[in-house]
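Notes to accompany the following structure.
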Amino acid sequence: MEKEISQAVIKRMPRYYRYLGELISDGVERISSNELSIRMKVTASQIRQDLNNFGGFGQQGYGYNVKFLHEEIGKILGLDKQHHIIIIGAGNLGQALANYVKFEERGFIIIGLFDINPAMKDIAVRGIQIRMVEELERFIKEHDVDIAALTLPKAKATEMAERVIDLGVHAIWNFAHVDLEVPDNVVVQNVHLSDSLMQLSYTLEKQKKEKVKK
Ligand code: NAI
């Protein structure tokens, strides 16, 4: 049976992947866990522990082969495959996501953009045509859709999630500020930019208070 990897470890994997990608661009072929630790500002033992979850990848006295490790982490994260995404809600956020080309470099291909506003019909964002939501059923039947991104008003998100799940979509990238209840075979990743901003504001205020104390 496959070993269950903790969510905390999984959460750190994209960061490893990014750093290793940068090392490859810099022409670095191998790196010790100590060097990686200095770059990433995490302890070397944390790095070893994290990577041991997946079988290690390192060699005593050699360190890590950067390209190999990058590829292996990519496989763990499913980045060796393409994922087709549709975005539902083609407003500010939906269009910003559609405009971001780098998702494609990671294998996330935006194949459809949907909205309810007829004024948007057939407008293209980076070559991706905005379709009306009525076309959703047919589109999902005719295309392989792996992920649906919800960038529509909160009040519409639950209903839309149910609709795409009924059509066979198993992953939801949810930007609407609502907790979705989904069946066990469906995965949801919530993104709340304001949460990270609140964490930033907490740290900022804490720092200010500490300065006053000094
Ligand atoms: P927006 O108003 O620019 O865009 C929303 C779009 O959804 C509009 O084009 C509208 O016509 C469309 N829409 C409305 N009902 C729909 C339906 N039933 N089906 C398909 N499309 C429909 O709003 P914005 O700024 O793009 O925000 C979109 C959503 O994302 C909001 O729920 C907002 O709260 C959320 N948001 C979340 C963030 C996060 O970090 N999670 C950050 C920014 C926005």
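Report, by residue number, each residue of the stretch 163-181 that is open to solvent by 20 Å² or more (accessible area, probe 1.4 Å), within 12 Å of the ligand (Cβ to nearest atom) and over 18 Å from residue 110 (Cα atoms). 163, 177, 178, listed by residue number. Here the stretch 35-77 is the region considered, the condition is being of a type in the set (Ser, Thr, Tyr) and more than 28 Å from residue 103 (Cα to Cα), and the residue that is surrounded by the most Cβ atoms within 10 Å (Cβ to Cβ) is 43. Would you be able to tell me the number of residues in the stretch 149-162 that are open to solvent by 50 Å² or more (accessible area, probe 1.4 Å) and not in a helix (DSSP H, G or I)? Going through the stretch 149-162 one residue at a time, the tally reaches 1. With respect to the numbered conditions (1) away from the ligand (no atom under 12 Å from the Cβ); (2) within 19 Å of the chain's Cα centre (by Cα); (3) open to solvent by less than 80 Å² (accessible area, probe 1.4 Å); (4) not small (Gly, Ala, Ser), which one is the sole condition not fulfilled by residue 205? Failed condition: (2).
Based on this model, can you work out whether residue 92 counts as under 21 Å from the mean Cα position of the chain (by Cα), near the ligand (Cβ under 9 Å from one of its atoms) and free of Cβ contacts under 8 Å to residues at least 24 places away in the same chain? Even if it seems obvious, please write down each step before you answer.
Working: under 21 Å from the mean Cα position of the chain (by Cα): yes; near the ligand (Cβ under 9 Å from one of its atoms): yes; free of Cβ contacts under 8 Å to residues at least 24 places away in the same chain: yes.
Yes: the conditions hold for residue 92.
Residue 138 meets all of the listed conditions (1) away from the ligand (no atom under 14 Å from the Cβ); (2) open to solvent by less than 30 Å² (accessible area, probe 1.4 Å); (3) in a helix (DSSP H, G or I) but one, namely (2).
Scanning the stretch 167-214 for residues that are β-branched (Val, Ile, Thr) and part of a loop (DSSP other than H, G, I, E, B) turns up 169, 178, 182, 186, 191. Does the stretch 15-26 include one or more residues that are open to solvent by less than 60 Å² (accessible area, probe 1.4 Å) and more than 26 Å from residue 189 (Cα to Cα)? Yes, the stretch 15-26 contains at least one residue that is open to solvent by less than 60 Å² (accessible area, probe 1.4 Å) and more than 26 Å from residue 189 (Cα to Cα).
Just checking, does the stretch 57-67 include any residue being within 16 Å of the ligand (Cβ to nearest atom) and of a type in the set (Phe, Trp, Tyr)? Step through it out loud before you land on a result.
Initially, the stretch 57-67 is screened for residues within 16 Å of the ligand (Cβ to nearest atom), giving none.
For the stretch 57-67, residues within 16 Å of the ligand (Cβ to nearest atom) and of a type in the set (Phe, Trp, Tyr): absent.
Of the residues that sit in the stretch 24-38 and are more than 22 Å from the chain's Cα centre (by Cα) and part of a helix (DSSP H, G or I), which one is modelled with the lowest pLDDT? Per the criteria, the residue is 33.
The values are calculated or read from the model by the stated rules, or taken from the named source; none is laboratory data. Quick caveat, the model's predicted, so the values are computed rather than measured. Virtual Cβ from ideal backbone geometry, glycine too; neighbours counted across all protein chains shown. Accessible surface areas use protein heavy atoms only, side chains included; no ligands, DNA or RNA. Shrake-Rupley method; radii C 1.70, N 1.55, O 1.52, S 1.80 Å.
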